[in-house]
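Down below is the structure, laid out as structure tokens.
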Amino acid sequence: MNTWFRGRFEIRIDEKGRLRMPSVLRNTHSKDDQVVITNGQFNGQRCLDVYTLESWKKLEGRIAKLPSLKTEVQIFQRFYLSGAQETEYDGQGRLLLAPTARKYANLDTNIVLVGMGEKIEIWSKSSWDRLYESLAGDFEESLRQIAKLESKMEEDD
């Protein structure tokens, strides 16, 4: 089953560190409702990455094929794999975010969930707002670069 997440949702974390996943994101999960949450980053801003268990296992398979003696691979594994925690939704459709994960991503009450295809990112609202403004400023140049990539892909076909 291919899972595809899209959209952006501003929500709140309760006092116990739980978040209620919007149904449009939750309903795309596999029937067992298990997810893996790990450390994430983009442009020096910290977030959390959320994968379905199925997608996570595929990613782990890809990581296992990397040359394990390379320093870059070891750094990636220590950062990304060591932060991974398997969890599941409670009876009310909430996910509990571990205190260490919330601390890493500087999450307080207000957060933003961002659908990123095979994963969901969890951002503090303030970090997301800064990042989104930066992305908006770079959008036209990114669009030009994507058009070039698309042309190259068509040539290769």
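Take the residues in the range 62-85 that are more than 17 Å from residue 35 (Cβ to Cβ) and in a loop (DSSP other than H, G, I, E, B); name whichever of them is farthest from the chain's Cα centre (by Cα).
Filtering the range 62-85 for residues that are more than 17 Å from residue 35 (Cβ to Cβ) and in a loop (DSSP other than H, G, I, E, B), the one farthest from the chain's Cα centre (by Cα) comes out as 69.
From the list 74, 85, which one is under 29 Å from residue 22 (Cβ atoms), at pLDDT 95 or above and surrounded by 12 or more Cβ atoms within 10 Å (Cβ to Cβ)?
Selected residue: 85, the only one of 74, 85 that is under 29 Å from residue 22 (Cβ atoms), at pLDDT 95 or above and surrounded by 12 or more Cβ atoms within 10 Å (Cβ to Cβ).
Starting from the range 48-74, take each residue that is without any contact (Cβ under 8 Å) to a residue 12 or more places away in the chain and hydrophobic (A, V, I, L, M, F, W, C) and list its partners that are surrounded by fewer than 13 Cβ atoms within 10 Å (Cβ to Cβ) and part of a helix (DSSP H, G or I), counting only C-beta distances under 9 angstrom and pairs at least six apart or across chains.
Correct list of pairs: 66/72.
Here is a list of conditions, (1) loosely packed, with under 14 Cβ neighbours inside 10 Å; (2) part of a helix (DSSP H, G or I), and residue 12 meets all of them except one; can you say which number that is?
(2)
Provide a single number: the residues in the range 86-144 that are of a type in the set (S, T, N, Q), in contact (Cβ under 8 Å) with a residue 60 or more places away in the chain and closer than 22 Å to residue 33 by Cβ.
1
The values are calculated or read from the model by the stated rules, or taken from the named source; none is laboratory data. What you see is a predicted model; the values in this text were computed from it and never measured. Please note: Cβ atoms are built from the backbone with ideal geometry, for glycine as well, and neighbour counts cover all protein chains shown.
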